[in-house]
Amino acid sequence: QVTTTLMAPKRLVRRRVLTTEHLLYCVKILPQKCKVAACGAGESIVIWSLEQGTVEHTLRTMIPKYCNLATNCIMCLEWVDVEGTSIISGGYDGNVTQWFIDDNNSII
C-alpha cells in the first residue's frame, strides 16, 4: 500500500510583475546593481530597479517605427559593464547601438 502525504510549502512564494506596453523579446538581469533590462516591439529598452520595482529608464530609438519584425524592433541586449552604465542592443534594422547612462540616472 502506497501512502501519499502532501507537505505544505516551507516558505511563501512572492511574485512581482514588471510590465511594458509591448511584446518583449529579451530580458537581462544585472545582479550586481539589482537591475533588469528588457527590449522588444516598442523600439525601446526599459530598465527597472528590482529593489524598488520601478522603471528607472526608458531608452528609445531616435525614429520609432511600428515594429513588424522588419523595422526597428530591438531583439537583443546585453549589459556592457557591472556598474550598469552601458547597454548594447541590436535589432532588425541592422544596427548595433551602445547606450550610455551616467551616474545621475540620465541618458548621455
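Look at GLY84 and say whether it is at pLDDT 90 or above, part of a loop (DSSP other than H, G, I, E, B) and under 15 Å from the mean Cα position of the chain (by Cα). I'd like the intermediate steps shown before the answer.
Numbers: at pLDDT 90 or above: yes; part of a loop (DSSP other than H, G, I, E, B): yes; under 15 Å from the mean Cα position of the chain (by Cα): yes.
Taking the combined requirement at face value, the residue satisfies it.
Could you tell me which residue of the stretch 36-57 is farthest from ILE74 (Cα to Cα), considering only residues that are part of a strand (DSSP E or B) and aliphatic (A, V, I, L, M)? Walk me through it before giving the result.
Keep residues of the stretch 36-57 that are part of a strand (DSSP E or B), which gives 36-40, 44-49, 54-57.
Those still in the list that are aliphatic (A, V, I, L, M) too: 36-38, 45-47, 55.
Details: VAL36: 16, ALA37: 12, ALA38: 9, ILE45: 8, VAL46: 11, ILE47: 14, VAL55: 18 Å.
Among those residues, the one meeting the criterion is VAL55.
Name the single residue that is modelled with the lowest pLDDT among those in the stretch 60-75 being surrounded by 14 or more Cβ atoms within 10 Å (Cβ to Cβ) and not aliphatic (A, V, I, L, M). Spell out the reasoning first.
In the first step, residues of the stretch 60-75 are kept if they are surrounded by 14 or more Cβ atoms within 10 Å (Cβ to Cβ); the result is 60-61, 67, 71-75.
Right, trim to not aliphatic (A, V, I, L, M) and you get 60-61, 67, 71-73.
Details: ARG60: 84, THR61: 77, CYS67: 56, THR71: 60, ASN72: 62, CYS73: 81.
Looking at the filtered set, the residue picked out is CYS67.
Return the residue satisfying two criteria in turn: it lies in the stretch 37-55 and is of a type in the set (A, V, I, L, M) and crowded, with 16+ Cβ neighbours inside 10 Å, and of such residues it is modelled with the lowest pLDDT. So that I can check it myself, show each step before the final result.
Just the residues of the stretch 37-55 that are of a type in the set (A, V, I, L, M), to begin with: 37-38, 41, 45-47, 50, 55.
Keeping just the survivors that are crowded, with 16+ Cβ neighbours inside 10 Å gives 37-38, 41, 45-47.
Working: ALA37: 95, ALA38: 93, ALA41: 79, ILE45: 91, VAL46: 92, ILE47: 94.
For the stretch 37-55, the residue satisfying everything is ALA41.
The values are calculated or read from the model by the stated rules, or taken from the named source; none is laboratory data. These numbers come from a predicted model, not from an experiment. Every residue, glycine among them, receives a Cβ derived from its backbone with ideal geometry; neighbour counts consider all protein chains shown.
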